[in-house]
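Q: Attaching a single structure in structure tokens format; questions to follow.
The values are calculated or read from the model by the stated rules, or taken from the named source; none is laboratory data. Note that this is a predicted model, so its numbers are computed, not measured. Using ideal geometry, Cβ is built from the backbone for each residue, glycine included, and neighbour counts are taken over all protein chains shown. What goes into the accessible areas is simple: the full protein's heavy atoms, side chains included, and nothing from ligands, DNA or RNA. Shrake-Rupley method; radii C 1.70, N 1.55, O 1.52, S 1.80 Å.
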Amino acid sequence: ANATRRYDAACLRHLQIGAPPVRFGRYHRCMFSYRHAFHAGNHADVLKHIVLIATLRHLMRKDGPLTLVDTHAGAGIYRLDDGAAQASGEALAGIARIQQLAQPKDSGKKVAPAQAGKAKAAIDNIADDLSDYLDLVASFNASAPAGSAWRTYPGSPFIIHALMTEPERAAVRDRLKLFELHPTDIHSLQAHVAQLEAGRQISTARQDGFEAMKALLPPPLAPGGSRRAMVLIDPSYEIKTDYAKVAAAVQDGLQRFPTGVYLIWYPIIPRPEAHGLPRRLKTLAQQAKRPWLNATLHVGASAQETGLSASGMFVINPPHTLKAGLDAALPQVLDALAVDHGRGQAWAVEAG
Ligand code: SAM
């Protein structure tokens, strides 16, 4: 029920900005209601992007070039001080609190009360995977005055691009393939990507990411003789068939390219398809005899709040270092993001 209200609120916001409603049964009323700009930097992005960075860092320790696929790319990069982010307030309860962990204790600056929320004190022993995430988001805010709230949040395309162009990796020339269906977001994505001047290293297409994935796997043979790919599948689950499409895409991906690394984000909400997805992914990994990891973060549901309070990242063929890294990082993340007096706060990393 909470999730339904949340999506309805998103639909209403969407209607306010003039987009046509499309009816899709009882639950999802509006096909293009989802705009990631409202959600950028929320707790789900924090979990997703920590796992993404930790996974990519490990993959990039090897020299062979990677084919990197982001099936649901969004707009690429977001302003946290614009109307969408301010209207939802989700980044204030997400990345703004995480930012506090990294504030120098002696900066002498105070965050504005509205931004402080339940700000946590800076901590000295930030876990490596969390610290890496913080440093990367900070690098997009390098020109912000010390101690001020971050105004820019990189989405998955810009996070991946930042890692593939770091000085020690740039010469490898990984390839990034981005897909996005929303008419406004594909336009923003293409404009943002153009500014990177990445040439043929990045491609964008207004195409169904589930379908597009098929043509990219297995990835091309690299000069050293290796085939390497990572696929991020991060739908908005606006339409309930997305759950089945994710499972079908992963099953097909594992048949085409069993050694690929697949990262799947999913919401933890009270609907059968959402509960069933991680179970189905585990079965698919086991049938393909591939290792898997499932990381979940519940920031706690408050009595009044109707938003998403928990999500998960399922990884097939995870780096062997990922579990230990997340075991160290997620308690710190939860400590920073847990909703005051919220119910059901928890983190977990299961692997098999
Ligand atoms: N991966 C992005 C990030 O981490 O910054 C966020 C992506 S957002 C959760 C999901 C995006 O998928 C939305 O922008 C939505 O418009 C888009 N989308 C929905 N269905 C799609 C499909 N079948 N193929 C490609 N994009 C789709």
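Q: What is the sum of charges around Leu281, taking Lys and Arg as +1, Asp and Glu as -1, for the other residues whose C-beta is under 12 Å from the C-beta of Leu281?
A: It works out to a net charge of +3.
Q: Let me ask another. Taking amide H positions as placed 1.01 Å from N in the peptide plane, with prolines and chain starts having none, which residues 5 or more places from Ile202, or on another chain, fall under 5 Å of its amide H?
A: For Ile202, the qualifying residues are Leu176.
Q: With a ≥ b ≥ c the root eigenvalues of the C-alpha gyration tensor of the stretch 161-275, is it rounded (a/c under 1.5), prolate (a/b larger than b/c) or oblate?
A: oblate
Q: For Val51, what charge total do you get from the other residues with a beta carbon under 12 Å from its beta carbon, if Lys and Arg give +1 and Asp and Glu give -1?
A: Summing Lys/Arg as +1 and Asp/Glu as -1 gives -1.
Q: Could you sort the peptides 67-79, 166-178 by per-residue average Cβ neighbour count (10 Å cutoff), highest mean leading?
A: Per-residue mean Cβ counts within 10 Å order the peptides as 67-79, 166-178.
Q: Along Cα→Cβ, 7 Å out, is where each label goes; now give me the distance between the ones at Asp63 and Glu168 in nm to one decimal.
A: So the label points at Asp63 and Glu168 sit 1.5 nm apart.
Q: Summarise the accessible area of the stretch 141-294 (1.4 Å probe, protein heavy atoms) by the percent that is carbon and sulfur.
A: Result for the stretch 141-294: 53 percent of the exposed heavy-atom area is carbon or sulfur.
Q: Residues with beta-carbon under 15 Å from that of Ala324, excluding Ala324: net charge, scoring Lys, Arg +1 and Asp, Glu -1? Walk me through the numbers before you get to the answer.
A: Details: positive: Arg57, Lys323; negative: Asp128, Asp129, Asp132, Asp327, Glu350.
The answer is -3.
Q: For a quick protection proxy, order the peptides 56-64, 44-52 by their average other-Cβ count within 10 Å, most packed first.
A: 44-52, 56-64
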